[in-house]
Amino acid sequence: MTEAALILRQRLNETFAGEILKTAIILGSGLGGLVGELNDPVHIRYSDLPAFPKSGVSGHAGEVVVGRLSGRLVMVLAGRAHYYERGDAAAMRPVLETLKALGLETLILTNAAGSVLQDMKPGSVMLIDDHINYSGMNPLIGEHTDARFTGMTAAYDAELKQAFRNAAHAAGETLFEGVYMWFSGPSFETPAEIRMARILGADAVGMSTVPEVILARFLGLRVAACSVITNYGAGMSGAELSHDETKTMAPLGGQKLQNIIKILIGEIG
Ligand code: HPA
């Protein structure tokens, strides 16, 4: 068990002894609102957890919050490490290994993303059906066991996808579905890259999530992921892109995603 897992287990036992904790949710940029929805929250800073990412991106708090949502105990991870911070695609591995060590089974990832489709406007929510790893990087490079040859045919769990669709329907929210393409960042794409992404089959582009999905599948976690669309891809609207825009636009779709996740958690436990 990792040191962070031991610390978390002890802290969580103080408040939630004997309760079942199966699901973790990683929050993307500007999507921290879900933390405020948790009842009886216990906050543990990443800085108190060995090997957890320390460097933050503005818009990310850097804390683990465990609390009740729709009557179920969930772990929310507010803050993620990105490949673009240090060139380390496995930056989130200690976090995901900690979830595994604590016995969590399901990982729900969220992110802010750019839309490649005219019909999927900023403020939309897109369930990730599948991804394209366009970064050329892989968080399992350097892993020596044969488990590194992780199958990605059904990376995004079919049952969880259906649960997302049902939850969106129950929440009265439109849920797009599509392919998320991982660009390394941190610069945004060019208009030519966005045209390429569309031709290659992407519906949304972003700088996160894919390495975490790969690691989570490697560890045997069930995965679902959802994007909040904060902007049109470069060249689609004429405006220059910025991280400020990501942060100010994220809460718009973020509220919709929160409504969906609240119902989803009640259904999947
Ligand atoms: N590109 C990449 N990442 C993003 C974008 C984008 O347009 N919007 C939010 N994250």
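The values are calculated or read from the model by the stated rules, or taken from the named source; none is laboratory data. Predicted, not measured: the structure shown is a model, and the values here were computed from it. Methodologically, a virtual Cβ is constructed for each residue, glycine included, from the backbone with ideal geometry; neighbour enumeration extends over all protein chains shown. Remember, those area values only see protein heavy atoms, side chains included, never the ligands or the DNA or RNA. Shrake-Rupley method; radii C 1.70, N 1.55, O 1.52, S 1.80 Å.
Per-structure values
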quantity: Odd one out for Ile214, checked against (1) more than 14 Å from the ligand (Cβ to nearest atom); (2) buried (at least 20 other Cβ atoms within 10 Å of the Cβ); (3) over 23 Å from Val95 (Cβ atoms); calculated: (3)
quantity: Number of the exception - Pro122 against (1) open to solvent by less than 40 Å² (accessible area, probe 1.4 Å); (2) of a type outside the set (D, E, K, R); (3) outside any helix (DSSP H, G or I); (4) in contact with a helix residue (DSSP H, G or I) (Cβ under 9 Å, 6 or more places away or on another chain); calculated: (1)
quantity: Residue under evaluation Gly33, criteria (1) under 18 Å from Gln258 (Cα atoms); (2) at pLDDT 95 or above, criterion not met; calculated: (2)
quantity: Residue in region 227-236 that is within 14 Å of the ligand (Cβ to nearest atom) and open to solvent by 50 Å² or more (accessible area, probe 1.4 Å) present; calculated: yes
quantity: The one condition in (1) more than 9 Å from the ligand (Cβ to nearest atom); (2) surrounded by fewer than 20 Cβ atoms within 10 Å (Cβ to Cβ); (3) in contact (Cβ under 8 Å) with a residue 12 or more places away in the chain that Met249 fails to fulfil; calculated: (1)
quantity: Some residue of region 19-28 being assigned to a loop (DSSP other than H, G, I, E, B), out of contact with any Cys (no Cβ under 9 Å at 6 or more places or on another chain) and of a type in the set (Asp, Glu); calculated: yes
quantity: Residue that is surrounded by the most Cβ atoms within 10 Å (Cβ to Cβ), among those in region 152-171 that are under 13 Å from Val213 (Cβ atoms), among the hydrophobic types (A, V, I, L, M, F, W, C) and in contact (Cβ under 8 Å) with a residue 40 or more places away in the chain; calculated: Leu160
quantity: Residue check, Gly220 within 16 Å of the ligand (Cβ to nearest atom), touching a helix residue (DSSP H, G or I) at 6+ places or on another chain (Cβ under 9 Å), open to solvent by 10 Å² or more (accessible area, probe 1.4 Å) and modelled with pLDDT of 95 or more; calculated: no
quantity: Among (1) surrounded by fewer than 20 Cβ atoms within 10 Å (Cβ to Cβ); (2) over 18 Å from the mean Cα position of the chain (by Cα); (3) within 28 Å of Ile7 (Cα to Cα), the one test that Leu117 misses; calculated: (3)
